[in-house]
Amino acid sequence: DTGVSQDPRHKITKRGQNVTFRCDPISEHNRLYWYRQTLGQGPEFLTYFQNEAQLEKSRLLSDRFSAERPKGSFSTLEIQRTEQGDSAMYLCASSSTGTQPSYEQYFGPGTRLTVT
Amino acid sequence: DQQVKQNSPSLSVQEGRISILNCDYTNSMFDYFLWYKKYPAEGPTFLISISSIKDKNEDGRFTVFLNKSAKHLSLHIVPSQPGDSAVYFCAASGEYGNKLVFGAGTILRVKS
């Protein structure tokens, strides 16, 4: 069990560029979540997958954001035409519906995005 | 609307004393509550949780109390240690998919 990993840890991009982040969950976890955290706030839910199916998206997730989990393992989060307001920490978490309690989510170290 | 609130932005306690972090929620549908600890430049680390059918859960130095009628929970750390200095987030779940709703966090500083 190596925990949740995220890549890259830091990303600096210019406004208007596209960026993609990757998350590798704990291997036996079938649920994967994306959250966004800005300074002074707690993480905010963006979207989640159960296996390869994306089951819910927050209204925070504009049409410039897209997430995939093609084989039910790792996930990618892409932001197109980045804006300065996208600057934040993007956190990935995973959990398992096969264990009790399934509410407990385990987070990765996050990807810090800075849009200049 | 903030469904989970942590009204104290920061708390400072002396090493060895008790730290009490508080959290209030508004959504009656929440049925599971969690506390996470976060160090700078790291992701949140799961600390302890409690189901809404319980009023107390204890794990070593950490105890979480839940008062459903008041929609209030608290995290007690006894004794506090300098390594406990971090940001503590309260989170709640209960909706389909178990997404977590977080408070804004409380910065805990334990002075030696």
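The values are calculated or read from the model by the stated rules, or taken from the named source; none is laboratory data. A quick note: this is a predicted structure, and the numbers were derived from the prediction, not measured. Heads up, the Cβs are rebuilt from the backbone with ideal geometry, glycines too, and the neighbour counts pull from every protein chain shown. All accessible areas refer to the heavy atoms of the entire protein, side chains included, with ligands and DNA or RNA removed. Shrake-Rupley method; radii C 1.70, N 1.55, O 1.52, S 1.80 Å.
A few comments on the model shown:
- Whole-number D in µm²/s for the stretch B:1-95 (Stokes-Einstein; Kirkwood sum over Cα pairs; 37 °C, 0.692 mPa s): 240
- Given A:K71/B:K54; A:K11/B:K68; A:K14/B:K111; B:K5/B:K56; B:K5/B:K54, the pairs whose alpha carbons are separated by over 31 Å: A:K71/B:K54; A:K11/B:K68; A:K14/B:K111
- Volume of the Cα convex hull of the stretch A:62-115, divided per residue and given in Å³: 100
- Buried on assembly, the stretch B:22-38 (at least 40 Å² less accessible surface than by itself, 1.4 Å probe): B:Y32
- To put it simply, the accessible area of the protein assembly as shown at a 1.4 Å probe is 46 percent carbon and sulfur.
- The Kirkwood radius of the stretch A:1-57, taken over pairs of alpha-carbon atoms, gives through the Stokes-Einstein law at 4 °C and 1.567 mPa s a diffusion coefficient of 97 µm² s⁻¹.
- Rolling a 1.4 Å probe across the protein heavy atoms gives the protein assembly as shown an accessible surface of 49 Å² per residue.
- Loop-located chymotrypsin sites (Phe, Trp or Tyr not before Pro) across the stretch B:6-112 with a Cβ neighbour count of 15 or fewer within 10 Å are B:Y96, with loop assigned by DSSP.
- Selection from B:L108, B:G60, B:Y36 lying farthest towards where the dipole of the stretch B:28-112 points positive, charges on Cβ: B:L108
- Three semi-axes of the equivalent ellipsoid, chain A, Cα gyration tensor, whole Å, largest first: 24, 14, 13
- Of B:I77, B:I18, B:I53, the one that fluctuates the most in a GNM where chain B has Cα springs shorter than 10 Å: B:I53
- Per residue, the Cα convex hull of the protein assembly as shown amounts to 125 Å³.
- Averaged over the residues of A:105-116, the number of partner chain Cβ atoms lying within 10 Å of the residue Cβ comes to 3.
- The loop-placed GluC sites (Glu not before Pro) in the stretch A:58-92, going by DSSP, that have at most 16 neighbouring Cβ atoms within 10 Å of their Cβ come out as A:E83.
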